[in-house]
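S.K.: Dumping the structure here so I can ask a few things about it.
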Amino acid sequence: MVPKVVFGEGCFDQLTTILSSHKKDKAPFIYLIDDVFETNTEFIDRINLRFNDKLIFVSAAEEPKTSQVDKLVKDIRSEFTNLPSGIIGIGGGTLLDLAKAVSIMLTNKGSAADYQGWDLVKKKAVYHVGIPTISGTGAEVSRTTVLTGPVRKLGINSDFTPFDQVILDPELTQGVPKNQWFYTGMDCFIHCVESLNGTFLNAFSQSYGEKAYDLCMEIFLKEDSLSEAESRAKLMMASWHGGMSIAYSQVGVAHAMSYGLGYVLGTKHGIGNCIVFNQLEEYYGEDVVLFKKMVEKHGIEIPQGVCANLTDEQMETMINVAMGMVPLWENAFGEEWQSIVTSEKLKELYLKM
């Protein structure tokens with residue numbers, strides 16, 4: 001679990017106080033920040049830089065890559081003699097995952113690609129803090145950092161991955177474009193559906209998943225009387241609870257197939273999940289119906305025809321990446337999943353997308 005978390009409107013301003021006890025002599029805090037904030041001087045001025053602290057603005061236009069992590073780590077090592085006091089990630093899932101990965105790779109040898117998988121990390125990461133500015137991914141609480149590598153899209157899943165501290169300030173999610181708000185919120189909803197319908201489900205993950213599911217229903221389907229501030233706060237907690245649910249169980253079909261889309265087409269995670277989930281009524285019946293109602297209610301366009309012009313090689317790669325997500329398929333269908341999930345079945349589903 002994330003050992004420390006603060007929540008509340010304006011709590012971002014506690015950052016300086018929180019970090020002060022972790023500052024090491026001559027060791028900087030490195031801030032990885034979504035470049036959408038680069039011209040937002042009002043926001044940047046709230047970050048109290050001390051001594052040799054450094055801001056690095058990163059584009060979230062593409063999903064995070066192992067090569068990107070390796071370059072950030074190399075640059076930090078070449079610029080600073082001492083290991084950083086901490087890495088602070090500010091942004092959506094992309095920035096939070098980069099912060100987690102960089103903090104791991106500063107203390108572990110080799111490339112980030114060497115650690116894609118489960119429990120491969122041997123050394124404790126540098127102190128790292130997550131500050132989400134969009135809600136839904138659950139990256140702020142999960143034990144994975146999902147990266148696109150040279151041969152696969154897969155997370156660094158380990159006990160050293162979760163943040164040491166998270167700051168949940170709903171004010172920071174103001175101004176998120178509507179489509180992005182929806183796609184990322186649906187990532188949370190899909191987390192819940194896959195967790196609650198999976199074979200790995202237990203009472204611990206179920207309690208979190210049910211709460212997040214109910215919050216998503218309230219935010220996206222049932223309740224029009226929520227104020228914007230209430231909706232922001234509730235979605236931030238839905239993201240947290242949804243992330244906790246999958247941390248103690250696993251995701252399923254939509255995420256496995258979305259990884260294939262992401263690897264071959266570069267499709268962003270939230271929208272990729274929506275494209276896939278839209279075609280999964282066979283597996284998640286009533287919840288896909290509810291999802292389609294949410295899409296209609298909020299006037300969202302789910303991209304069509306994204307797999308229409310794939311080459312045979314691209315389709316094969318997409319299927320192989322998806323099939324490689326063994327724990328996800330096991331959660332969805334049990335140990336005999338390979339009798340259900342065939343290349344032909346995945347091709348049929350991808351062609352619907």
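S.K.: Along Cα→Cβ, 7 Å out, is where each label goes; now give me the distance between the ones at residue 82 and residue 107 in nm to one decimal.
M.R.: The two pseudo-label positions are separated by 1.6 nm.
S.K.: So, one more: If a paramagnetic tag sat 7 Å from the Cα of residue 221 along the Cα-Cβ line, which residues of region 232-255 would have the backbone N under 15 Å from that point?
M.R.: Flagged as within label range: none.
S.K.: Under 1.5 on a/c is rounded, so check that first for region 25-64, then, if it is not, pick prolate when a/b is larger than b/c and oblate when it is not; a ≥ b ≥ c are the square roots of the alpha carbon gyration tensor eigenvalues. Numbers along the way, then the final one.
M.R.: Numbers: a/c = 4.09, a/b = 1.45, b/c = 2.82.
Since a/c reaches 1.5 but b/c is at least a/b, the shape of region 25-64 is classed as oblate.
S.K.: If eta is 1.567 mPa s and T is 4 °C, what Stokes-Einstein diffusion coefficient results for the chain, Kirkwood Rh from Cα pairs, in µm²/s? Numbers along the way, then the final one.
M.R.: Working: Rh = 20.5 Å.
Diffusion coefficient, whole number: 63 µm²/s.
S.K.: What whole-number distance in Å separates the alpha-carbon centres of region 289-353 and region 237-265?
M.R.: Cα centroid to Cα centroid, the span is 13 Å.
S.K.: Given Cα pairs under 8 Å that are at least 6 residues apart, what percent is the relative contact order of region 47-149? If you can, show how the numbers build up before the last one.
M.R.: On the way: 138 pairs, mean separation 35.8, N = 103.
Result for region 47-149 is 35 percent.
S.K.: Would you kindly derive the ³J(HN,Hα) couplings of region 158-173 from the backbone phi angles with the Karplus curve 6.51 cos²θ - 1.76 cosθ + 1.60 (θ = phi - 60°), listing them in order in whole Hz, with x for Gly and Pro?
M.R.: 7, 6, 8, 6, x, 5, 7, 8, 10, 10, 9, 10, x, 4, 6, 8
S.K.: Given the C-alpha centroids of region 148-207 and region 31-72, what is the distance between them in whole angstrom?
M.R.: For region 148-207 versus region 31-72, the Cα centre distance is 21 Å.
S.K.: Can I ask one more? Under 15 Å between alpha carbons: how many lysine pairs meet that in region 12-145, if sequence neighbours fewer than 8 apart on the same chain are excluded?
M.R.: Taking region 12-145 as the scope, the lysine pair count is 15.
S.K.: Tell me, what is the FRET efficiency for residue 44 and residue 282 to the nearest 0.05, using R0 = 51 angstrom and their Cβ-Cβ distance as r?
M.R.: Numbers: r = 48 Å, r/R0 = 0.93.
Step by step, r from the Cβ atoms, then E = 0.60.
S.K.: What does the extension gain come out to for residue 24 and residue 159, with contour length at 0.36 nm per residue minus their alpha carbon separation? Before the final figure, lay out the partial values.
M.R.: Numbers: separation 135, 0.36 × 135 = 48.60 nm, distance 2.37 nm.
Separation in residues times 0.36 nm, less the Cα-Cα distance, equals 46.2 nm.
S.K.: Okay, moving on. Beta carbons within 10 angstrom, averaged per residue: use that to sort the peptides 15-26, 31-42, 190-201, highest first.
M.R.: Numbers: 15-26: 13.0, 31-42: 16.1, 190-201: 24.1.
Answer by packing, highest mean first, reads 190-201, 31-42, 15-26.
S.K.: So if we plug the beta-carbon distance of residue 14 and residue 297 into 1/(1 + (r/R0)^6) with R0 = 41 Å, what FRET efficiency do we get, rounded to 0.05?
M.R.: Working: r = 36 Å, r/R0 = 0.88.
My answer for the efficiency is 0.70.
S.K.: Restricting attention to region 57-116, which trypsin sites (Lys or Arg not before Pro) occupy a DSSP loop and are surrounded by at most 11 other Cβ atoms within 10 Å?
M.R.: On the way: sites: 65, 71, 74, 77, 100, 109; in loops: 109.
Taking region 57-116 and a limit of 11 other Cβ atoms within 10 Å, the loop trypsin sites (Lys or Arg not before Pro) found are 109.
S.K.: Across all directions of projection, what mean area in square nanometres is found for the Cα convex hull of region 136-289? Present the calculation step by step, with values, prior to reporting the outcome.
M.R.: Details: hull surface 38.0 nm².
For the Cα atoms of region 136-289, the hull's average projected area reads 9.5 nm².
Here, each number is a calculation from the coordinates, and none is a lab measurement. These numbers come from a predicted model, not from an experiment. A quick note on method: Cβ atoms are made from the backbone with ideal geometry, for glycine too, and the neighbour counts reach across all protein chains shown.
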